[in-house]
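Every number in this text was worked out from the coordinates using simple rules, so none of it is lab data. Owing to the predicted nature of the structure, the values given are computational and were not obtained by experimental measurement. Cβ sites come from the backbone with ideal geometry, for glycine too, and all protein chains shown count toward neighbours.
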Amino acid sequence: MSLLEVQDLTVRFRTEEGPVLAVDEASFSVATREVVALVGESGCGKSVTALALTDLLPRNASVAGAIQLNGVRPSPRARGRDIAYIFQEPMTSLNPVLTVGRQIGEVLKRHQGASSRARIIELLELVGIPLPGRRIGEYPHQLSGGMRQRVMIAMAVACRPKLLVADEPTTALDVTVQAGILDVLRNLRDEIGTALLLITHDLGVVADIADRVVVMYAGRVIEQAGVHRLFAHPTHPYTRGLLDAVPTPGRPVLKEIPGRVPVMRATSDACTFADRCWRVTEQCRSVRPVLEPGPAGHPARCWHPLGGKE
Amino acid sequence: MSVLEVVELVKHFGPVRAVDGVSLHIDKGEVLGLVGESGSGKTTLGRCVTRLVPVTSGQVWVNGNDIAHLSRRRLRPLRRDFNIVFQDPSSSLDPRMRVGDIIAEPLRLHRIGDRSTRRARVAELLGQVGLQAEMARWYPHELSGGQRQRVSVARALSAAPSLLVADEPTSALDVSVQASVLNLIGRLQAELGFACLFVTHDLAAVEFLAQRVAVMYLGVLVEVATRDELFAGPRHPYTQALLSAAPLPDPVAQRSRQRIVLSGEVPSPVDPPPGCRFHPRCPVAIDRCAVEVPALRPVGPSGALTACHLVADDGSAPRLAA
């Protein structure tokens, strides 16, 4: 059974420029101990999906659809305890005037009623912070970016969540530091069995750590597959375009995807990628494609999936 | 002949030794990739080369003129020879100016042409960067991020400079848009033949665009080599670690690699370590590395440069294991 089951998640925002449909009936699941990458470019709805899971959306958002954790709809309190969130920017999400130990301690007190120095040090060790006994009394500005992100992760896992949602956790970091953070996330899965939903645009990070990949475009899930299958047999033209856009040695000109991600005002009866797609037909503009198994066997939302008979 | 020749460039911000003695050159028609992580000084170096910040000491020769210490008045006429594209096109374009005026600004400042020839030049540049001529009347907020970056490129190239500094020109953009901006810079560089200092942390982008690569760590260069040589066999231990840390977008290749994980983090440029600046994190450091600064010297048959005591004169280097 899946740990997390998301069914037809839809998120709308009321804005001054009118309504925005940020997530359009997205369905996916995360199994126990599984690392799932939610992939797409800015504006595709991946961060909004993550915020909806953790109930962190602003007030102008309305959410529909079902979120189940271990088969039941989680109470707000259970959500806060069982699903933890890691933000992209560790500097702006830590309180600059509180010590590292105090901030982790507050999480423990709030959710478990008590905190101890030993438990905080244990958490700092878990996320690979050297000399935890000394770091516990330091302030965020005394730490490097990588160490701050480790503190964020320690706070997130303080209450042993079942699922960790991490939104671009390494994007603000250097590659040599990123490698260490990815190791920490892998260790959490191996040591305390936390599942991970990783929001990222970085296909290198996906290739490194994900078990399964969910690709989003303009609010819809357009393809999902195991990581090896997705990279070997991308089925949706957008997925293919994303993979081909990454600079690769020996390729004289990079593949471009013309145009940009559209802002959806309301749901449409067309494929949202139709205007940018090189395989587009009349059907794509008039009938909404369904997410169904394509030629490679895994689901894709496309009337003309790649890998089939041309 | 070199379009750019940087000699022993030093830039200190108070106690911060951001750039601490860097020498490099770029030939006509060449793209030199300058890679490094945050705090390495690569962006500061780009800003010194374009004299956006005053230089502490050293020389910056652009087409035979040392611009490092020229006054603003003396520098001004030389500025048309070089220009810069910044990382974030949203903050580097004046939101109150029309695209056409933004692109024509270097022409106006250098009194190149009259109104009608400038307008024609703007139309030509818009075409070269893949935008429509009518966008000259648009404002930056009406453009996407990728289109704005194209405007930045057109502005930087409008006075036909012989040197373009591109400072992380794709880092603020989405992957598919990054590809189009990299293609654009590559195509224009081949067509127009300007020299380019391409500053980035993105190794894949460097491998795509640059002919030679310089690797910077904590204010100094540790390795300079042709792209093919550097990516096939990095010699400096830091370069080896950097290359191994960048994840490949291929799960089979990525999961079968040996990764070198560095201990610790980049030290403060206020108080860089003595000897080799990388020695506290270097897995193969010896006693000598802590006391003697390694010179950036030619190694191997090709003339590649490495600053490491452990790399032999014939170019053989210690291979780091995971």
Item to check | Positive-end residue of A:LEU126, A:SER93, B:THR226, charge dipole of the protein assembly as shown with Cβ unit charges | outcome: A:SER93
Item to check | Label-reachable residues, the range B:62-91, where backbone N falls under 20 Å from a point 7 Å from B:THR56's Cα toward its Cβ | outcome: B:67-70
Checklist entry - So for chain A: antiparallel DSSP bridges make up what percent, rounded to the nearest 5? => result 60
Checklist entry - Which Cα, out of A:ALA22, A:ALA61, A:ALA78, lies furthest along the positive dipole direction of the range A:13-80 (beta carbon charges, K/R +1, D/E -1)? => result A:ALA78
Next on the checklist: Through the Karplus equation 6.51 cos²θ - 1.76 cosθ + 1.60, θ set to phi - 60°, convert the phi angles of the range B:197-202 into ³J(HN,Hα) values in whole Hz; use x for Gly and Pro.
Outcome noted: 9, 9, 8, 6, 9, 8
Next on the checklist: For chain B, give me the percentage of DSSP beta bridges that are antiparallel, rounded to the nearest 5 percent.
Outcome noted: 60
Item to check | Estimated distance in nm for a label pair at A:SER268 and A:HIS111, the labels positioned 7 Å out from Cα along Cα-to-Cβ | outcome: 4.0
Item to check | Segment B:SER256-B:SER91, extension gain: residue separation times 0.36 nm, minus the distance between their alpha carbons | outcome: 55.3 nm
Checklist outcome for this item: Highest mean packing first, using Cβ neighbours within 10 angstrom, the peptides A:293-299, B:28-34 sort as B:28-34, A:293-299
Checklist entry - Residue by residue, what Karplus-based ³J(HN,Hα) values in Hz, rounded to whole numbers, does the range B:250-255 have, using 6.51, -1.76 and 1.60 with θ = phi - 60° and x for Gly and Pro? => result 8, x, 5, 5, 4, 7
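Can you give the mean number of other chain Cβ atoms that lie within 10 Å of the Cβ atoms in peptide B:166-176?
4
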Checklist entry - What is chain A's relative contact order, in percent, from Cα pairs under 8 angstrom and six or more apart in sequence? => result 21
Next on the checklist: For the protein assembly as shown, I need the span (max minus min coordinate) of the C-alpha atoms along each principal axis, in Å, sorted largest to smallest.
Outcome noted: 73, 64, 48
Checklist entry - What relative contact order, as a whole-number percentage, does chain B give when Cα pairs under 8 Å and 6 or more residues apart are counted? => result 20
Checklist entry - Over what distance in Å are the Cα centres of the range B:90-134 and the range B:194-246 separated? => result 33
Checklist entry - Based on the mean of other beta carbon atoms within 10 Å per residue, what is the order of B:309-316, B:222-229, A:219-226, most packed first? => result A:219-226, B:222-229, B:309-316
Checklist entry - At a Förster radius of 56 Å, what calculated FRET efficiency corresponds to the Cβ-Cβ distance of A:LEU98 and B:ASP114, to the nearest 0.05? => result 0.35
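Is the shape of the range B:225-322 rounded, prolate or oblate, going by the alpha carbon gyration tensor and its root eigenvalues a ≥ b ≥ c, with a/c under 1.5 for rounded and a/b larger than b/c for prolate?
Oblate, because a/c is 1.5 or more while a/b does not exceed b/c.
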Checklist entry - Within the P(r) computed for chain B, what percentage of the Cα pairs occupies the region above 35 Å? => result 23
Item to check | Tail fraction, Cα-Cα pairs, the range A:45-119, threshold 21 Å, whole percent | outcome: 42
Item to check | Normalised per residue, the volume of the convex hull around the Cα set of the range A:58-201 (Å³) | outcome: 131
Checklist entry - Which GluC sites (Glu not before Pro) from the range A:1-66 combine a DSSP loop assignment with at most 14 other Cβ atoms within 10 Å? => result A:GLU16, A:GLU17
Checklist outcome for this item: Here P(r) for the range A:133-216, Cα-Cα distances in 10 Å bins, as whole percents, is 16, 50, 30, 4, 0
Item to check | Value of Rg/Rh across chain A [Cα atoms, Kirkwood radius] | outcome: 0.99
